[in-house]
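Okay, so here's the structure we're looking at.
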Amino acid sequence: MLQSNLFTKTKKEAPSDEVSKNAELLIRGGYIHKEMAGVYSFLPLGLRVLNNITQVVREEMNAVGGQELHMPALQDKNVWEKTDRWDDAKVDNWFKTNLKAGGEVGLGITHEEPLTQLMTEYISSYKDLPFSVYQFQNKFRNEMRAKSGIMRGREFLMKDLYSFSKDKAEHDAFYDVVKGAYKKIYTRLGIGHLTYMTFASGGIFAPFSHEYQTVSPAGEDTIYIDEEKGIAINKEVYTDEVLAELGIDKTKLKEERAIEVGNIFTLGTRFSEPLELAYTNAEGEKIPVFMGSYGIGVSRLVGAIVETLSDDKGIIWPDAIAPFRAHILALGDNAEAHTKAVELHDMLAGQGIDVLCDNRLGLSAGEKFADADLLGIPYRIVVSERSLKEGGYEVKRRTEEKGKIVKAEEITSFIK
């Protein structure tokens, strides 16, 4: 990708009504565009990041045996009435509308109900269990006040996985496997060192639900971290009784603000019973299916990563999710430097390396460096009259002050 071909442009300032760091940096960098409060478009650079995060999550969900599907966003009122979650007095953040042909529908806030209903067509025997399915889909929540940039929107991309088991023991075994998968996901996304499995309320067939919280001053939650155990407790369940149950020493806990970046729940038969999802066991008895739910806000993660991995110059993308691996800067109006920069771009692209080349004319070195800092691509390759005289290109990490001169034939191995 040549930067001169990008229709997006960097900006010196974000919209005045944006106060969150993630929205400010992402808008200024041309990653997203604000359509209205709580609703954002992902532009080419932002979509690359979103897709990269999605792929990391997909790989880890596949690794635990999840099967990917895609369900409609339009929700059948009748299905939700069976679980008593259609009434606005019970769930107050629905977007609802009426069909021209008659009847009321909603835009999906989550998918426990429709997926449970779907599985009544495919589960009948104990031989059909256990298994899990997941999807990536936009969810819609009619929040009273959208805030925190893309971390709390009215429309957002979510990964939701659901497990179906014969009983609690079978469910618990899979639940523990997913815990390990989530840990791998956050590590691969570059925020594993800041993210803790957090005991929280919301358990239905278990004493707790589990959130995944990333430490950040921008977080909406207060958590208490036990560094030795590598876990945390949400303030909402922070009591002496809970500490005793978990075997945690209160004096070792550290209070932090944090961003919720995932959650997992034991659902039990909360949805299978009212929707009549059951299987026949070996003795011929009808047993309700035991379920679990496992969510990750994928678009929310984009914002959380920017909040935690950025500096006063701009974004610092982890290697696994950056829109490009390297950013080539052709400095000055030296014709040879620009020619060499585009040649290097073509060579790296031909080797399967995602690379962005700033071949724009009429910009100072300072302007190009400032844009590169803002965009936050992991490796920067400077092509200039000086570097060419020294026999190559100046290569450095986004976080490094100084680079080193690398010959063209060594560039690929250097940035890999």
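The values are calculated or read from the model by the stated rules, or taken from the named source; none is laboratory data. A quick note: this is a predicted structure, and the numbers were derived from the prediction, not measured. All Cβ positions, glycine included, derive from the backbone under ideal geometry; neighbour counts span all protein chains shown.
Worth a mention:
- Any hit, segment 142-159, residues being closer than 17 Å to T116 by Cα and either among the basic types (K, R) or not in a helix (DSSP H, G or I) (or both): yes
- When segment 61-82 is filtered for residues that are crowded, with 18+ Cβ neighbours inside 10 Å and either assigned to a strand (DSSP E or B) or among the hydroxyl-bearing types (S, T, Y) (or both), only Q75 remains.
- Checklist (1) in a strand (DSSP E or B); (2) touching a Pro at 6+ places or on another chain (Cβ under 7 Å); (3) touching a residue at least 40 places away in the same chain (Cβ under 8 Å) applied to Y40, failing item: (2)
- Failed criterion for I381 (all others in (1) assigned to a helix (DSSP H, G or I); (2) touching a helix residue (DSSP H, G or I) at 6+ places or on another chain (Cβ under 8 Å) hold): (1)
- Looking across segment 99-132, the residues that are part of a loop (DSSP other than H, G, I, E, B) and either more than 22 Å from A282 (Cα to Cα) or basic (K, R) (or both) come down to L99, K100, A101, G102, G103, G108, I109, T110, H111.
- On inspection, A244 does not qualify as closer than 27 Å to N22 by Cα and of a type in the set (A, V, I, L, M, F, W, C).
- Only residues that are of a type outside the set (D, E), in a helix (DSSP H, G or I) and under 16 Å from the mean Cα position of the chain (by Cα) were counted across segment 298-347, and they come to 10.
- In summary, T187 fulfils each of the numbered conditions (1) in contact (Cβ under 8 Å) with a residue 12 or more places away in the chain; (2) part of a helix (DSSP H, G or I); (3) surrounded by fewer than 22 Cβ atoms within 10 Å (Cβ to Cβ); (4) not small (G, A, S) with the single exception of condition (1).
- Test: residue in segment 118-139 that is crowded, with 16+ Cβ neighbours inside 10 Å and among the acidic types (D, E): no
- When segment 19-36 is filtered for residues that are of a type in the set (D, E, K, R) and crowded, with 17+ Cβ neighbours inside 10 Å, the ones remaining, listed by number, are K21, E24, R28, K34.
- The listed residues are A181, A173, A169, and the only one of them that is modelled with pLDDT of 95 or more, touching a helix residue (DSSP H, G or I) at 6+ places or on another chain (Cβ under 8 Å) and not in a loop (DSSP other than H, G, I, E, B) turns out to be A181.
- No other residue among R48, R85, R58 is surrounded by 13 or more Cβ atoms within 10 Å (Cβ to Cβ), charged (D, E, K, R) and part of a loop (DSSP other than H, G, I, E, B) apart from R85.
- Counted residues, segment 359-411 - those being surrounded by fewer than 16 Cβ atoms within 10 Å (Cβ to Cβ) and of a type in the set (S, T, Y): 2
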